[in-house]
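Read through the structure below, which is laid out as structure tokens, and then see the notes.
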Amino acid sequence: MSKGVLIFAYNSKIDYVKIATIAAALVHKHLDLPVTLVTDIDHNLDGCFDQIVRQPLKGKSYERIFKFGDITEKVEWHNQNRASAYELSPYDQTLLLDADYLQFNGHLKYLFDTNLDISCYNKVHDISNWSGLQDDAHVGFPGIPMQWATALYFTKSPRAQAVFEMMESIKRNYAYYATLYNFGTELFRNDYTLSIALQIMTGYSQSNFTAIPGSLISANTGIELLEARPNGELVFVWKYAETHRVTKIRNTNVHIMNKKTITDPDILEQLKVLAQ
């Protein structure tokens, strides 16, 4: 059976394709799997990806307000093509990753040796111990548990296909589901469509779904990646009250939500070294 990783990247003010090239290199190094990029325009990518699938943007473009450190910025956000992952993936077994979820170990490769049709994280942990992400770990109010679309493993199987078809249906009827689950429509969330689809397809019972063990380790948008050291350490800094705090992680997969910090030229070069 063919195995590989799928990454979607659509540029706005943020160069997601550039981030995806780093993500792909790290996948090659730590997971030893081919990587397919889904994007909308031609890029000179110098062999960074094993395959490139061209797909135009679908649906409405949203604007998301990001707080990058001390700077607040409104950025166009293109994230409505993810439900197409099942039909676009060239692999029998696929690990769908956000471009900014960087791999520094081979942990997720074990998924390809399971009999799971589909799996994702259902827990999240922010490296600053900020509770905001965990507080956000539900869909609507009072809400159902969040299933995180940042890393989503699936096979070419009837069950996985049904989940993606349900995600597409929820996307087309997003306003209806927003009313049903009591959440706002100012942003489109793939986490929401996945969570609702899995709830429906598992018969409204979380016991019928096997999540990826552990938590999705994340660095929220207020956290800056200060340095990616040659020894593999990632040094993060953030402001807390009137002080700055620093932490280091190593050999840990991490969702770096501060896109500005990843696309800093110096940080990009440091990450390239780690991906070699």
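Things to note:
- Sum of -39500 (n - 2.57) over DSSP H runs of 4+, divided by residues of the chain (222 nm, nearest 500): -7500 deg cm²/dmol
- 5 angstrom amide H check on S128, placed H, neighbours 5+ away: N220
- Using a probe of 1.4 angstrom and keeping all protein chains present, the accessible surface of the chain works out to 45 square angstrom per residue.
- Here segment 193-237 is treated as a sphere whose radius is the Kirkwood value from Cα pairs; by Stokes-Einstein at 25 °C and 0.890 mPa s it diffuses with a coefficient of 177 µm²/s.
- Karplus (6.51, -1.76, 1.60) ³J(HN,Hα), θ = phi - 60°, over segment 23-31, in Hz, Gly and Pro reported as x: 4, 5, 4, 5, 5, 4, 6, 9, 10
- Carbon/sulfur fraction of accessible area - the chain, other protein chains in place, 1.4 Å, %: 48
- A simple rule links phi to the HN-Hα coupling: the Karplus curve 6.51 cos²θ - 1.76 cosθ + 1.60 with θ = phi - 60°, which for segment 208-221 gives 8, 9, 9, 7, 5, x, x, 10, 6, 6, 9, 10, 5, 5 Hz, with x for Gly and Pro.
- Straight-distance crosslink candidates among lysines, where the alpha carbon sits under 24 Å from K156 and sequence neighbours closer than 8 are dropped: K3, K58, K109, K171
- Between K248 and S12, the contour length at 0.36 nm per residue exceeds the Cα-Cα span by 82.0 nm.
- At 0.890 mPa s and 25 °C, Stokes D of the chain from Kirkwood alpha-carbon radius, µm² per second: 128
- The length gained on full extension between Q51 and T210, counted as 0.36 nm times the residue separation minus their Cα-Cα distance, comes to 54.3 nm.
- Volume per residue that the Cα convex hull of segment 83-203 spans, once the total is divided by residue count, Å³: 124
- Exposure ranking of D50, D15 by accessible area [1.4 Å probe, largest first]: D50, D15
The values are calculated or read from the model by the stated rules, or taken from the named source; none is laboratory data. Treat the numbers as computed from the prediction; the structure is a model and nothing was measured. For the accessible areas, the whole protein counts, side chains as well, though only heavy atoms, and no ligand, DNA or RNA atoms are used. Shrake-Rupley method; radii C 1.70, N 1.55, O 1.52, S 1.80 Å.
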